[in-house]
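This report concerns only the one structure given below.
Every number in this text was worked out from the coordinates using simple rules, so none of it is lab data. Everything numeric here is computed off the predicted structure, so don't read it as measured data. When we count neighbours, we look across all protein chains shown, and the Cβ atoms used for this are built from the backbone with ideal geometry, even at glycine.
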Amino acid sequence: MYKVLVSDNIAQKGIDILEAAGIEVDFKPGQNREELLNSIGNYDGIIVRSMTILNAEALNKAKNLKVIGRAGTGYDNIDLDTATKNGIFVFNTPTGNTISAVEHTLGMILSLSRNIAQANQALHNDIWDRKKYMGVEVKGKTLGIIGLGRIGSRVAKRAQAFGMKVIANDPYLAPKNAEKINVPLLPFKEVLEKSDYISLHTPLTDETYHILSHKEFAIMKETARVINCARGQNIDTEALAAALEKNKIAGAAIDVHEEEPVKATNNPLLSFEDRVIMTCHLGGTTTEAMDNVSITAAEEVVSVLHSNLPESP
Ligand code: MLT
């Protein structure tokens, strides 16, 4: 009987699929690192989201592991080179949470513009202050999208419906594809200089690590607002905090963080509660997205385990 570890939260529908296929499932979201390292050798498959770090240390202990299902998009928590070397199949479920990530981004843009999160917090503390929470309209403002792929292009379409002017930078997209959705592709620096809102939609790679740091914040408008629902390491958090401190930009809405989970001790942005809204990596966390990615990940794991693939080299 094959054994699969589910080490991050997924929907019950995914677990049901594994069990219906005769697979023994250990559902252990949030288990500590030591427990993972001690037990990973027992499993034929593992399903993760973004919290479980499958680096070389973990994968080299996973002597029976044949398949890793990433319920979600980003692969940055998995050491693909080691997995490949060890003959482990790795797949993601890239389309299942697209719409949820897009809608979360739009929610962040609107919430940031209208101080919704801060006003809500104040009212729950018995403070009624209409003057302090005066907002700005997004209509007529420029949204600069960095990474006009599956998520970025859908954010663009919805922002255009709000009357925003959308520009983008994406070195991998043919300009004619951007033209089709009426989004001019511009050099990175120009997007930063011209935008009122800058939203990141890039995967985490060597190229995009700290794609926004001191130099980039310095050339943005003082009224600019930055949104990150992509990957935490795309932004240099210390540099963002410094930019806010010096009023080089107006605000930020951050769903993904350099260190997760965020704590008062590891994130300087927590001290900017009037200008920074933060959510706990919720972009892909909706009922619909969780069902989609969990079902696909479970089906893929079953198909890999049941197809009698050759033993790892
Ligand atoms: C993803 O990469 O799909 C997202 O970060 C969602 C997640 O892992 O929760």
- Message: Test of understanding: what is the full-extension gain from residue 182 to residue 291, defined as 0.36 nm times their sequence separation minus their Cα-Cα distance?
- Response: 36.0 nm
- Query: Lys/Arg Cβ at +1, Asp/Glu Cβ at -1, dipole of the chain taken about the Cα centre: which of 62, 14, 276 is farthest positive-ward?
  - Reply: 276
- Item | Quarter of Cα convex hull surface for the stretch 98-278, i.e. mean projection, nm² | 10.2
- Note on the structure: Toy charge model, Lys and Arg Cβ at +1, Asp and Glu Cβ at -1: the chain dipole around Cα centroid in debye, rounded to 20, equals 1160
- Query: Rounded to a whole number of µm²/s, how large is the Stokes-Einstein D of the stretch 185-313 at 25 °C and 0.890 mPa s, given Rh as the Kirkwood radius over C-alpha pairs?
  - Reply: 148
- Query: residue 31 to residue 259: FRET efficiency via 1/(1 + (r/R0)^6), r the Cβ-Cβ distance, R0 22 Å, to the nearest 0.05?
  - Reply: 0.70
- Task: Identify which of 92, 125, 267 has the largest mean-square fluctuation in a Gaussian network model of the chain, with springs joining Cα atoms closer than 10 Å.
- Result: 125
- Message: Which entries of 13/157; 131/248; 141/221; 3/63; 132/157 have Cα-Cα distances beyond 20 Å here?
- Response: 13/157; 131/248; 132/157
- Query: Counting each DSSP H run of 4 or more residues in the chain as -39500 (n - 2.57), what helix-only mean residue ellipticity at 222 nm follows after dividing by all residues, to the nearest 500 deg cm²/dmol?
  - Reply: -10000 deg cm²/dmol
- Note on the structure: Candidates 81, 44, 170; GNM for the chain (alpha-carbon contacts under 10 Å) flags as most fluctuating 81
- Item | the stretch 97-238 - percent relative contact order, Cα under 8 Å, separation 6 or more | 24
- Task: Could you work out the equivalent-ellipsoid semi-axes for the stretch 39-166, taking the square root of 5 times each eigenvalue of the Cα gyration tensor, largest first, in whole Å?
- Result: 42, 20, 10
- How many times 2.2 N^0.38 Å is the alpha carbon radius of gyration of the chain? 1.08
- Order by neighbour count: 186, 143, 192, 282, fewest other Cβ atoms within 10 Å first, most last. 282, 186, 192, 143
- Query: Suppose R0 equals 41 Å; then what is the FRET efficiency for residue 81 and residue 125 from their Cβ-Cβ distance, rounded to the nearest 0.05?
  - Reply: 0.25
- Query: Each label point is 7 Å from the Cα along the Cα-to-Cβ direction; what then is the distance between the points at residue 303 and residue 91, in nm?
  - Reply: 0.4
- Do you know the relative contact order of the chain, to the nearest whole percent, from alpha carbon pairs under 8 angstrom that are 6+ apart? 20
